[in-house]
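Here's the structure we're looking at; comments come further down.
The values are calculated or read from the model by the stated rules, or taken from the named source; none is laboratory data. Every value quoted in this text rests on a predicted model; they were computed, and no experiment measured them. Here the Cβ positions follow ideal geometry from the backbone for every residue, glycine too, while neighbour counts run over all protein chains shown.
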Amino acid sequence: MSQRFLTSLLLFLGIYLVFQTFLPSPTSNNVELEDFVIVSTEEEYYIGDDVTIVLTNNLEKTIRIPSLCPSHPLLLEQYKNGQWNTLSTESGISLECEGDDLKNSNAYTYQPKEISLEAKSDREISYSPWKYELFDQVGKYKASLVIGENDDRQTFMTEFQMIERGFWSSLYHYILYRPIFNLMVFLASIMPGYNFGLAVIALTLIIRFVLLLPNQKALKSQKAMMEIQPQLEEVRKKYKGDQQRISQETMLIWQKNKVSPVGGCLPMLIQIPIMITLFYTVRAGFTPYESHALYGFLQSFDLGLVDQNFYGILNLKEVNATWLPIIVGLSQFVQMKLSFSRRKKATAKKDIVDIDEKGKVLESKKDDKKSTDPDPMKMMNKTMIYFMPIMIAVLAATLPAAVGIYLLISSLFGVAQQFFVNRTS
């Protein structure tokens, strides 16, 4: 199995597993399907996570809920000292209450004057502005929606737990998320117009230059693996049916040429947590209530100034499922073509010698015909050349455009580096 295949397989397996681990699932708690209105949330949150309440209207009519802006929109209680205590906020965050289009806001516009819940629809209520003010303690919480008055009053609620971060979550937060988040903020703060897109490009180039030497070594190892494929093919033909001998001879060829099939995995795997962190950075947004994650020297910077619209071309918080994934896929295709290419070497025609049981030579002729047996390695490589770019394009089409920009710049850098390796090795 080629090094590139193993690397690619590990890369996407890692992306899939980590995203499945970290992305929130739609698990709900205390939901009764016969309720007219369902209030649901996840069962547990780590302290510091964004708490999101989902309202589901099962009625045939629209429900209008008066907003309590700038306070939080639902009745929130914490179970403490054996009883439920109503929570209130004294946040210094300035939240505007005008407007209903919240997607393009950095955070100052949080909720409209009135929350409309259309018939047979869902609506998410985010508690991001108050996650450190209301949910800074471990324990049980309850969010309630009260509809109607007096005898017609109905209450719908859900409960959830706030828990301490586990070891791995804390390690990720302090070793990866905070450093990369602060680096992104610093880069954005020195860019013209505080542009987040330029910051993503700068971050990508910094990461690629930091990993330049490991990647260079990995690409050379991959190139070497491609060059020894004819030797490996000869071994498979010579010892066909004897898998143990094939494995032994393959190991000897690897050792002789000082290559390893997994030698290029590490530099690529390092980029997986960086992509995940970039995703969470974009999802959290550059909002005033994310300032808790800033280091001291950045505390004075107003996160609301960060421009997440890339010069009118892309909204980096939104998914771009049109032209960006196509460009990302094409750049990855070029990189794959370069990585799987190898110099054609002239090979002398070999004599084929038939020997009888006593060791006597029966016939000698030239091997002028090419083997008609299918080469599984070549077929696999050819498949990967087209499969990997499609997978990368799909990834870019399902994540915020900022991640797509990261993938694009990283691929273009990889094309240049692979071209250099091919010319010099």
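Below, the figures for the structure above:
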read-out: Residue list for region 284-340, filter: among the acidic types (Asp, Glu) and exposed (fewer than 15 other Cβ atoms within 10 Å of the Cβ); value: Asp302
read-out: Test result for Phe209, under 22 Å from the mean Cα position of the chain (by Cα), farther than 30 Å from Arg423 by Cβ and in the same structural domain as Thr281 (by TED's automatic domain parsing); value: no
read-out: Of all residues in region 160-176 being hydrophobic (A, V, I, L, M, F, W, C) and without any contact (Cβ under 8 Å) to a residue 12 or more places away in the chain, the one that is farthest from Ala143 (Cα to Cα); value: Ile175
read-out: Unmet criterion (only one of (1) among the hydroxyl-bearing types (Ser, Thr, Tyr); (2) outside the structural domain of Asn315 (by TED's automatic domain parsing); (3) within 21 Å of the chain's Cα centre (by Cα)) for Tyr174; value: (2)
read-out: Failed item in (1) modelled with pLDDT of 85 or more; (2) outside any helix (DSSP H, G or I); (3) more than 29 Å from Met336 (Cα to Cα), with Lys317 passing the rest; value: (3)
read-out: Odd one out for Arg283, checked against (1) of a type outside the set (A, V, I, L, M, F, W, C); (2) in a helix (DSSP H, G or I); (3) more than 19 Å from the chain's Cα centre (by Cα); value: (3)
read-out: Given (1) of a type outside the set (A, V, I, L, M); (2) at positive phi; (3) surrounded by fewer than 16 Cβ atoms within 10 Å (Cβ to Cβ), number of the condition Phe209 does not satisfy; value: (2)
read-out: Single match in Arg178, Arg236 (criterion: farther than 30 Å from Asn320 by Cβ and in a helix (DSSP H, G or I)); value: Arg236
read-out: Single unsatisfied condition, Thr204 versus (1) over 16 Å from Val282 (Cα atoms); (2) among the polar types (S, T, N, Q); (3) surrounded by 19 or more Cβ atoms within 10 Å (Cβ to Cβ); value: (1)
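This table checks each residue for (1) exposed (fewer than 13 other Cβ atoms within 10 Å of the Cβ); (2) at negative phi; (3) of a type in the set (Gly, Ala, Ser).
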| position | (1), (2), (3) |
| --- | --- |
| Val138 | yes, yes, no |
| Thr158 | no, yes, no |
| Leu171 | yes, yes, no |
| Ile175 | yes, yes, no |
| Ala188 | no, yes, yes |
| Met191 | no, yes, no |
| Pro214 | no, yes, no |
| Ser221 | no, yes, yes |
